[in-house]
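I have placed the structure first, in the form of C-alpha cells, so that the comments after it can refer back to it.
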Amino acid sequence: RCIPSPCLSPGGTMAAAHRLLFRTRTCASVGAMASGKRPATYQDVLDEPELHLAANILVADVAAWRRERMARAPRAAYFTLAPDWICEILSPSNTRLDRTRKLPAYARAGIGHAWLVDPLAQTLEVFRLDAGRWTLVSTHAGDEPVTAEPFDRVALPAARWWADVEPESTGAAYS
C-alpha cells in the first residue's frame, strides 16, 4: 500500500506534491545538523529515503540507521530495512497524513524514534516506540538548543530549523 506525499504510484513512478519552501529548508537543515552531530553509532542521515516497509512504500523527510544494523547503504534505490530514526517536517497540507497514516506505519515497522518538526509552530515532538506504541518523551519549542533522543548526547540548534519561516501566528495562508 502506498502512502502518498511523496510516494510511488502502483506503476512505479514517483508522485509527490511540491513542497513549500519552508518545509524544504527545514528538512535540509534538520538533516544536515543531525548528520553533522549524530553519534558515531549512526550511519549517515538521509533526506527523503524511499522505504519499502512490509506492504507500505513511504518516503520519510529525514531518516537514519544505526551502523550495527546497516554498515553500508544498499545498492538498490530504496531501503527495505526500517530506519532507527525518522523525522517528518509538518505543514498544514501533510500533518494529518504524517500523524495518522505514516506514524502508525513506522510503528508497525519497528522504527525506534520519530521526530515531528513543525516549523510554523516552531516545535519539535520526540517519540520513542515502546511495545509497538509511540510514547511522547519530550517537546521542544522556540530557539533553545535541542537535546533529544536518539541524538541526546549533543545539542542541536533548533533556531536554524525555522530561521527563515514566517510564524503561524501571522495569519498568512500556507498550503
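Details
- Scanning the range 90-110 for residues that are open to solvent by 10 Å² or more (accessible area, probe 1.4 Å), farther than 23 Å from Asp152 by Cβ and assigned to a loop (DSSP other than H, G, I, E, B) returns Pro92, Ser93.
- Qualifying residue in the range 132-142 (condition: out of contact with any Ser or Thr (no Cβ under 8 Å at 6 or more places or on another chain) and modelled with pLDDT under 95): yes
- Checking each residue in the range 79-89 for being in contact with a helix residue (DSSP H, G or I) (Cβ under 6 Å, 6 or more places away or on another chain) and assigned to a loop (DSSP other than H, G, I, E, B) picks out only Ala82.
- Filtering the range 111-139 to residues that are among the hydrophobic types (A, V, I, L, M, F, W, C) and either loosely packed, with under 14 Cβ neighbours inside 10 Å or assigned to a strand (DSSP E or B) (or both) leaves Ala114, Trp115, Leu116, Val117, Leu124, Val126, Phe127, Leu129, Ala131, Trp134, Leu136, Val137.
The values are calculated or read from the model by the stated rules, or taken from the named source; none is laboratory data. On a predicted model such as this, the values are computed, not experimentally measured, just so you know. Cβ sites come from the backbone with ideal geometry, for glycine too, and all protein chains shown count toward neighbours. The area values use the complete protein model at the heavy-atom level, side chains included, leaving out ligands, DNA and RNA. Shrake-Rupley method; radii C 1.70, N 1.55, O 1.52, S 1.80 Å.
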